[in-house]
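These notes are about the structure you will find just below.
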Amino acid sequence: MTPLWTRRQVLTQLGIAAAAVHTLDPHELCCAVPAYAQTADKELFELKKVGDGVYAAIAATRYKVNCNAAVIVTNDGVVVVDSHSKPSAARALYAEIQGITKQPVRKVINTHFHWDHWQGNEAYAAASPGLEIIASERTRENLTRPDAGVGGVPYIQKQIDAMPGDIDKLKADIQKASDPKKKAALESNLQQAEAFYQELKQMRPALPTRTVSTTATLQEGGREIQLQVLGRAHTNGDLFIYLPKEKIVATGDALIDWMPFLNDGYPEDWVQTLTALEQLDFNQIIPGHGEVRPKSQLVFFRGYLSDLIAAVKKASADGATLDEMKTKIGDQLAPKYEAGMSKYPLGQYRDRVGLNVEMVYQKVVKKS
Ligand SMILES: [Zn+2]
Ligand SMILES: [Zn+2]
């Protein structure tokens, strides 16, 4: 059985309790745009059947974003891919899963280390003694490294430190808001922020109990589940979950239905990794964010990354400044990508293209 450690115990264990804590820049956040939220009583997830016994839990838009989950029912328990930003969200999905099957959740797979994909692990660990939590070796390492990026045990403290400031800002914005609709949305955000703050402080992070470093196959109660390690992409440890018989793949944030987040990513490798993924025989994608998509989404998403890289390289060779690049490339790629990348209130093209340009410039041109 997996011991559930408190966050402090984990930090102490790792000898990094005193790790430097930075003020959180909202742009550092993987997938959150705190300005938007639906009303608090809206369901957190919509379970959509993708294949026989395979479901996509499509996350509703919230103040702090939740990732999608893939739910795979087998003859011997349930496998869940990714666990959202907080235990209460995982518990909400667990309740929905129980409406489908009374089988226990036997395994949770984390696609990568970002906060919105693993912070709910502990809810499944508490509900299912003996739960296995599987991730890539790199993801397991990232979850305990103080400098890994926007996720992991040390990052919980960074979120805790940032919340009072976020809450104060929301209160100030509520005071200033005159439009009743906007005021109501802000009040909902405030309620969610305060609840999230309390949850963060009580987290007992459940880390992976099993890792894979190369592609592996699980035979789960009559179902084949492949864990594909295909190279660096959104992070250095992305895991793709592939069901060959059902022709479904769950991709985490390495392939999503909105703009990519590049800060912890490897832009040029990412294109190659998606090309490796393309070789697999699938026709449905359960992405980390957004709706279930056909395989053509891979071509569209990879096209954006490769066009972005080419545009940044060219503009840089032509002597453009970073600010010029952000504007020029944002406009240049818009006809092809703006509509397809802006289907939801979060992760829209214009919100992210400038930061994407900057990240590609730093990682590909300057190689810093
Ligand atoms: Zn995410
Ligand atoms: Zn991510």
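The values are calculated or read from the model by the stated rules, or taken from the named source; none is laboratory data. Keep in mind the model is a prediction, meaning the values are calculated, not measured. Cβ placement follows ideal geometry from the backbone for every residue including glycine, while neighbour counts extend to all protein chains displayed.
As a summary of the residue check, residue 222 satisfies the conditions (1) of a type in the set (Gly, Ala, Ser); (2) within 16 Å of ligand 1 (Cβ to nearest atom); (3) closer than 20 Å to residue 108 by Cα except for the one numbered (2). Looking only at residues of the stretch 86-117 that are in contact with a Lys or Arg (Cβ under 9 Å, 6 or more places away or on another chain) and of a type in the set (Lys, Arg), we find that the one that is farthest from ligand 2 (Cβ to nearest atom) is 107. Can we say residue 226 is farther than 16 Å from residue 362 by Cα and either surrounded by fewer than 17 Cβ atoms within 10 Å (Cβ to Cβ) or touching a Leu at 6+ places or on another chain (Cβ under 9 Å) (or both)? Yes. Inspect all residues belonging to the stretch 349-362 and state whether any of them is among the aliphatic types (A, V, I, L, M), at pLDDT 95 or above and touching a Ser or Thr at 6+ places or on another chain (Cβ under 7 Å). No, there is no match, as no residue in the stretch 349-362 is among the aliphatic types (A, V, I, L, M), at pLDDT 95 or above and touching a Ser or Thr at 6+ places or on another chain (Cβ under 7 Å).
When residue 237 is tested against (1) buried (at least 21 other Cβ atoms within 10 Å of the Cβ); (2) farther than 28 Å from residue 356 by Cα; (3) touching a Lys or Arg at 6+ places or on another chain (Cβ under 7 Å), exactly one condition is not met: (2). Scanning the stretch 240-281 for residues that are in a loop (DSSP other than H, G, I, E, B), within 16 Å of ligand 1 (Cβ to nearest atom) and either crowded, with 24+ Cβ neighbours inside 10 Å or of a type outside the set (Asp, Glu) (or both) returns 253, 254, 255, 256, 258, 259, 260, 261, 262, 263, 265. Taking (1) within 30 Å of residue 155 (Cα to Cα); (2) in contact with a Phe, Trp or Tyr (Cβ under 9 Å, 6 or more places away or on another chain); (3) aromatic (Phe, Trp, Tyr) in turn, residue 300 satisfies each apart from (1). Within the stretch 51-75, take every residue that is hydroxyl-bearing (Ser, Thr, Tyr) and part of a strand (DSSP E or B) and give me the one that is farthest from ligand 1 (Cβ to nearest atom). Filtering first and then ranking leaves 74.
For residues in the stretch 61-86 being among the charged types (D, E, K, R) and under 22 Å from residue 246 (Cα atoms), which is modelled with the lowest pLDDT? It comes out as 76.
Of all the residues in the stretch 68-78, those that are touching a residue at least 60 places away in the same chain (Cβ under 8 Å) and buried (at least 24 other Cβ atoms within 10 Å of the Cβ) number 3.
Residues in the stretch 299-350 that are without any contact (Cβ under 8 Å) to a residue 60 or more places away in the chain and not in a helix (DSSP H, G or I): 318, 319, 320, 321, 338, 339, 340. With respect to the conditions (1) under 27 Å from residue 54 (Cα atoms); (2) surrounded by fewer than 16 Cβ atoms within 10 Å (Cβ to Cβ), residue 317 falls short on a single one, namely (1). Would you say residue 293 is loosely packed, with under 14 Cβ neighbours inside 10 Å and within 21 Å of the chain's Cα centre (by Cα)? It is false that residue 293 is loosely packed, with under 14 Cβ neighbours inside 10 Å and within 21 Å of the chain's Cα centre (by Cα). In the stretch 124-207, counting only helices (runs of 4 or more DSSP H) that sit wholly within it, the ones holding 3 or more residues that are among the hydrophobic types (A, V, I, L, M, F, W, C) span 153-176, 180-201. Within the stretch 215-229, identify whether any single residue is in contact with an Asp or Glu (Cβ under 6 Å, 6 or more places away or on another chain), within 16 Å of ligand 2 (Cβ to nearest atom) and small (Gly, Ala, Ser), and answer yes or no. No; the residues of the stretch 215-229 include none that is in contact with an Asp or Glu (Cβ under 6 Å, 6 or more places away or on another chain), within 16 Å of ligand 2 (Cβ to nearest atom) and small (Gly, Ala, Ser). Considered as a group, the residues in the stretch 157-171 that are out of contact with any Leu (no Cβ under 6 Å at 6 or more places or on another chain) and touching a residue at least 60 places away in the same chain (Cβ under 8 Å) include one that is farthest from residue 232 (Cα to Cα), and that residue is 165. Filtering the stretch 155-172 to residues that are more than 12 Å from residue 197 (Cα to Cα) and buried (at least 17 other Cβ atoms within 10 Å of the Cβ) leaves 155, 170. Check whether at least one residue in the stretch 197-213 is surrounded by 17 or more Cβ atoms within 10 Å (Cβ to Cβ), closer than 27 Å to residue 259 by Cα and charged (D, E, K, R), and report yes or no. No, the stretch 197-213 contains no residue that is surrounded by 17 or more Cβ atoms within 10 Å (Cβ to Cβ), closer than 27 Å to residue 259 by Cα and charged (D, E, K, R).
Only one of the listed residues (138, 106) is more than 18 Å from residue 235 (Cβ to Cβ) and either surrounded by 22 or more Cβ atoms within 10 Å (Cβ to Cβ) or modelled with pLDDT of 95 or more (or both). That residue is 106.
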